[in-house]
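Worksheet: one structure, shown below.
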Amino acid sequence: MKLSFVALLGGMLLLAGCSAAPAPVTESSAPPEVSQGPPPLNVRKYEQDPCALLPQPEEVFNAVRNRKTTGAILPACTWNDSKNSTLTIGFLPAQGGLAAIGRNLTSTGYFDPAPEIDDYPAAYTNVLDNRGQGGCQIAVGVQADEAFTSSVMLLPRSPSYGDPCSVALKAAQAVVATLKAGS
């Protein structure tokens, strides 16, 4: 389990600075740029305190504890539920936004359309497709050059194990609501 979490978190951080040859992104899979849609969200105060993004994490994820972790770019926050499944939220600032994430995938990754969240573009994406094993990540473009990710790694005993993307989406929706309220 620890290795799976590390792989998921590492995948999230690799998206920010992957130096491998990028996989091609077709026009149909490229997300729209944030600058054409809603106003950019002010994320500065949350970049160093991502745990404040979910003021009531027990409602989103049944979280019982959290911890701030230091990533390659900025800190991230990881919540655990009572079954030790995890939810991690982190920012990818000045990395090219959502479009750059799609260009930086490996051949084992995925970049699939996700529902917009309050008009902000989103994509289910990660460098490794582990959705069939309780993992899922959604990236949401909140500025032209910045996105955040909501990543889950659910254990088989989790009631949402078969649909981890619904948990990642629910958390991303809560993060956007927090960002909009704080902007």
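The values are calculated or read from the model by the stated rules, or taken from the named source; none is laboratory data. Note that the coordinates shown come from a computational prediction; the quantities given were computed from them, not determined experimentally. All Cβ positions, even for glycine, are placed from backbone atoms using ideal geometry, and neighbour counts span all protein chains on display. The protein model used for the area step is the full one, side chains on, heavy atoms only, and it has no ligands, DNA or RNA in it. Shrake-Rupley method; radii C 1.70, N 1.55, O 1.52, S 1.80 Å.
Per-structure values
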| read-out | value |
| --- | --- |
| Output for the stretch 125-145, where each listed residue is closer than 23 Å to ALA94 by Cβ, in contact with a Pro (Cβ under 9 Å, 6 or more places away or on another chain) and open to solvent by 10 Å² or more (accessible area, probe 1.4 Å) | GLN143, ALA144, ASP145 |
| Test set (1) surrounded by fewer than 21 Cβ atoms within 10 Å (Cβ to Cβ); (2) at pLDDT 85 or above; (3) of a type in the set (Ser, Thr, Tyr) - THR70 fails condition number | (2) |
| Test: residue in the stretch 17-39 that is out of contact with any Lys or Arg (no Cβ under 9 Å at 6 or more places or on another chain), open to solvent by 40 Å² or more (accessible area, probe 1.4 Å), modelled with pLDDT of 85 or more and closer than 27 Å to ALA144 by Cβ | yes |
| Residue under evaluation VAL152, criteria (1) surrounded by 16 or more Cβ atoms within 10 Å (Cβ to Cβ); (2) of a type in the set (Val, Ile, Thr); (3) under 23 Å from LYS45 (Cα atoms), criterion not met | (3) |
| LEU87 vs. criteria modelled with pLDDT of 95 or more and either over 15 Å from the mean Cα position of the chain (by Cα) or in a loop (DSSP other than H, G, I, E, B) (or both) | no |
| Residues of the stretch 116-167 satisfying the condition of being of a type outside the set (A, V, I, L, M, F, W, C) and part of a strand (DSSP E or B) | TYR120, TYR124, THR125, ASN126, GLY135, GLN137, GLY141, GLN143, GLU146, THR149, SER150, SER151 |
| Of residues in the stretch 99-115 being touching an Asp or Glu at 6+ places or on another chain (Cβ under 7 Å) and not aromatic (Phe, Trp, Tyr), the one modelled with the lowest pLDDT | THR108 |
